[in-house]
């Protein structure tokens, strides 16, 4: 059985808090893109800690991505889409508004922090980076932009130390990627998924007391 | 001095949990629109409790709205924009993607739950409802849509019982509006804004023990 780890809201809060200084120093983001729904909570908390006195908040944009992984047991053997080649497909449920307001052109030349809760197979993050870079490229060309390049960086609460199906550009993987915690290939129970939050916290506290997490 | 109330993450979680049954029964939302950044956390929590077994998650779309209120002390007396008429302006920092993916047309004929953390002056909510209804109307006409009307409803964690600057359509105000708690005109300290979450929780617990909240 895959071991579970229970993460409380206050732990999520502190993971964001302790990461904020490094994010400010190393990535200096102008804006965040939260991958929904998992990225919403960390992005909102991070915003509090990334705010500098007398400066406005760092804006958060949200995109929605759903990862459909064809499960081996639902596949017919011998059909296309077997375990090797299968079956991760990312679909957009929300993208940036490309209309009159020009959100995409707002990204051009900026430092953009992509926020999600967990880096599991890396498929979603690969998709997000590729598609955002492509759209920014198109917007840059349309604008005739000649300035500083747009820089994407990534923050996740947890990175699972496992073989990844998705891959990130080297410049991100080496230096523009931050995980507050690296964990094994465990099942992470985030508080916003708990049906009984008191019990969830008890289990988290028991793990902390046993030294099985942190 | 305006009294402060401290709300913990677990309280926010439980406010969403206890509201979910009524939301499912009365509003039956097909999707949520979270007003960022305050709506992100409650929307993500709500999604867990609105999910029915064997059904997909209810999608969350995010919009970004900023409320600028001209403060009386920054105004010149006698100039346009005095206290009476002044000074609330809502600007969009993110809107729905109206491009090829047709997010707006996805709203047509649907039951849409707008989620924010607090209903203070109601200005932001009025803006959101008006603009969404306008855009849905345009999309409906383009599609030649003849079916069930699109229905917006609202969920907030806290409604401040005070005179409102913004106004909602009657059909929303009477029956399609839900606040998990109604409070006085207090300063609500949400956990995602806390710089010291342990101290924040202590203050919240002290208030609960004194019976000054709930």
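The values are calculated or read from the model by the stated rules, or taken from the named source; none is laboratory data. Since this is a predicted model, take the numbers as computed values, not measurements. We place every Cβ from the backbone using ideal geometry, glycine too, and count neighbours over all the protein chains shown.
Here is a yes/no grid of residues against (1) modelled with pLDDT of 75 or more; (2) farther than 23 Å from residue A:26 by Cα; (3) not in a helix (DSSP H, G or I):
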{"site": "A:125", "(1), (2), (3)": "yes, no, no"}
{"site": "A:141", "(1), (2), (3)": "yes, yes, no"}
{"site": "A:148", "(1), (2), (3)": "yes, no, yes"}
{"site": "A:155", "(1), (2), (3)": "yes, no, yes"}
{"site": "A:164", "(1), (2), (3)": "yes, yes, yes"}
Could you go through segment A:115-123 and let me know if any residue there is away from chain B (no Cβ under 14 Å) and part of a helix (DSSP H, G or I). yes
Looking at segment A:176-192, can you tell me whether even one residue there is under 26 Å from residue B:20 (Cβ atoms), part of a helix (DSSP H, G or I) and either within 14 Å of chain B (Cβ to nearest Cβ) or within 17 Å of the chain's Cα centre (by Cα) (or both)? yes
Going by the conditions given, is residue A:207 within 14 Å of chain B (Cβ to nearest Cβ) and more than 22 Å from residue A:44 (Cα to Cα)? no
Can you name the residue in segment A:12-32 that is within 10 Å of chain B (Cβ to nearest Cβ) and buried (at least 21 other Cβ atoms within 10 Å of the Cβ) and, of all such residues, is nearest to residue A:110 (Cα to Cα)? A:32
Sole residue being outside any loop (DSSP other than H, G, I, E, B), at pLDDT below 95 and away from every other protein chain (no Cβ under 14 Å), chosen from B:84, B:73: B:73
Check whether at least one residue in segment A:129-138 is modelled with pLDDT of 80 or more and in a strand (DSSP E or B), and report yes or no. no
